[in-house]
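The block underneath contains the structure these notes are about, expressed in structure tokens.
The values are calculated or read from the model by the stated rules, or taken from the named source; none is laboratory data. Quantities reported herein were computed from a predicted structural model and do not represent experimental measurements. Every residue, glycine among them, receives a Cβ derived from its backbone with ideal geometry; neighbour counts consider all protein chains shown.
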Amino acid sequence: MTKATIIIFLATFLLIIGILLKHHIYKNFIITKNYNDSYLKKKFIKKMILLFFIALSIALTFSNFNIGYKKLPTYANFIDTVIMIDYSTSMLANDVEPNRFFASKIIANNFIDNFQNNRFAFVLFGDDPYIEIPLTDNLEFMKRIINSIDLNDQYYRASRIISAIETCINLLERSPATYKNLIIISDFDFAENQLTSSLKKRISTELAYIYCIIISSREGSRIYLPQKGSFLKDQFQNDVFSKTNINFINDLATLPNCFINRWQDSFEKYIEIIQKNQKDQLVKLQTNDNISPRKANFFFGFLAAIFIIFYIFENIDISEILYDGLLLIRKIGSSLFHFDKKEKKL
């Protein structure tokens, strides 16, 4: 019971009791002088009890009182997915034409077109992760932003994958969606050889699926810098060779909710796997039952109405009502009769 419910109950009960006491004292003690009539006392106590329950039911009707719980089938019309695209300098390698970064944008758009009932966020990661677009269901806007981004070679960017994944999980952590997915589109040319144990635990518990697309040939490639018209060189003026970190990929593959695919492999088959996972998620969402408190307002309102009806019929004297009705009809008739007589005299 809340404070408001208690106040409503006390106010209603005291008002009703005040009216009843006034009526009872006036009718039975002043008019009839029946001070010791046990029947009247029992009737008065009966009224008091009935009015107590009427006041209590009225008060509880305006309360937040719950009776048990009920199952509510819930259907979330969206699944939240973050798309990560590698923005490091190695993505300028052209073993994937015209280069890895351009191919990544095409694949990201393909994902957006094939995912159903999804909200998307877009994160670029290189030296630091950047949340370019927070979670949105405006897919056309999302694709326009992705297509408008270009990778330049003005300065060198590495790939900090661990901090990027943590940023994406933190972003999804604030989401109300039941299922949360992560898509990583990268050449996976990382300095890190494995994920931390704490990050693995977060991926397994907080993400439904993590999809990894490797945008790189198995052989690797030199990194061509189009603005400079030359290949990237190290401090010894040797060409930098970019290749997928197999150790990191093997570590990712140990996660039970991780799917890995190379761009050369059948992308259509990979899309089929993703769509199947999406369908399973939507079916689970549709059949998922949430427990919700069962509100008792209607029940107490109905109970109050029953008590009020019972009280009215308990205290109504039918013969007295009929007698008063006949007297009223007689008075109206006699007044009309006398009025007709006066008109005749005039």
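Some notes on this structure:
- Residues in the range 109-120 that are more than 18 Å from the chain's Cα centre (by Cα) and free of Cβ contacts under 8 Å to residues at least 60 places away in the same chain: N109, I112, D113.
- Restricting attention to the range 203-235, the residues that are more than 24 Å from A108 (Cβ to Cβ) and of a type in the set (V, I, T) total 1.
- Residue, modelled with the lowest pLDDT, within the range 279-316, restricted to residues that are in a helix (DSSP H, G or I) and among the β-branched types (V, I, T): T287
- In the condition set (1) crowded, with 20+ Cβ neighbours inside 10 Å; (2) more than 23 Å from M84 (Cβ to Cβ); (3) of a type in the set (F, W, Y), Y211 is compliant with all but (2).
- Of the residues making up the range 160-181, those that are charged (D, E, K, R) and surrounded by 14 or more Cβ atoms within 10 Å (Cβ to Cβ) are R160, E166, K180.
- Only one of the numbered conditions (1) surrounded by 17 or more Cβ atoms within 10 Å (Cβ to Cβ); (2) within 15 Å of V82 (Cβ to Cβ) is violated by N257, and that is (1).
- Checked against the criterion of being free of Cβ contacts under 8 Å to residues at least 24 places away in the same chain and out of contact with any Cys (no Cβ under 6 Å at 6 or more places or on another chain), the range 177-196 contains not a single residue that satisfies it.
- Checked against the criterion of being in the same structural domain as S186 (by TED's automatic domain parsing), within 19 Å of I184 (Cβ to Cβ), within 40 Å of the chain's Cα centre (by Cα) and surrounded by 12 or more Cβ atoms within 10 Å (Cβ to Cβ), the range 216-224 contains one or more residues that satisfy it.
- Qualifying positions in the range 121-143 - farther than 22 Å from R160 by Cβ and either under 22 Å from the mean Cα position of the chain (by Cα) or at pLDDT below 90 (or both): L135, T136, D137, N138, L139
- Pairs meeting the criteria (first residue in the range 149-164 and in the same structural domain as F231 (by TED's automatic domain parsing) and over 22 Å from E192 (Cα atoms), second residue surrounded by 14 or more Cβ atoms within 10 Å (Cβ to Cβ) and among the β-branched types (V, I, T), beta carbons under 7 Å, at least 6 apart or on different chains) are D153/T89.
- Selection over the range 200-219 of residues that are under 19 Å from F102 (Cα atoms) and without any contact (Cβ under 8 Å) to a residue 40 or more places away in the chain gives a count of 0.
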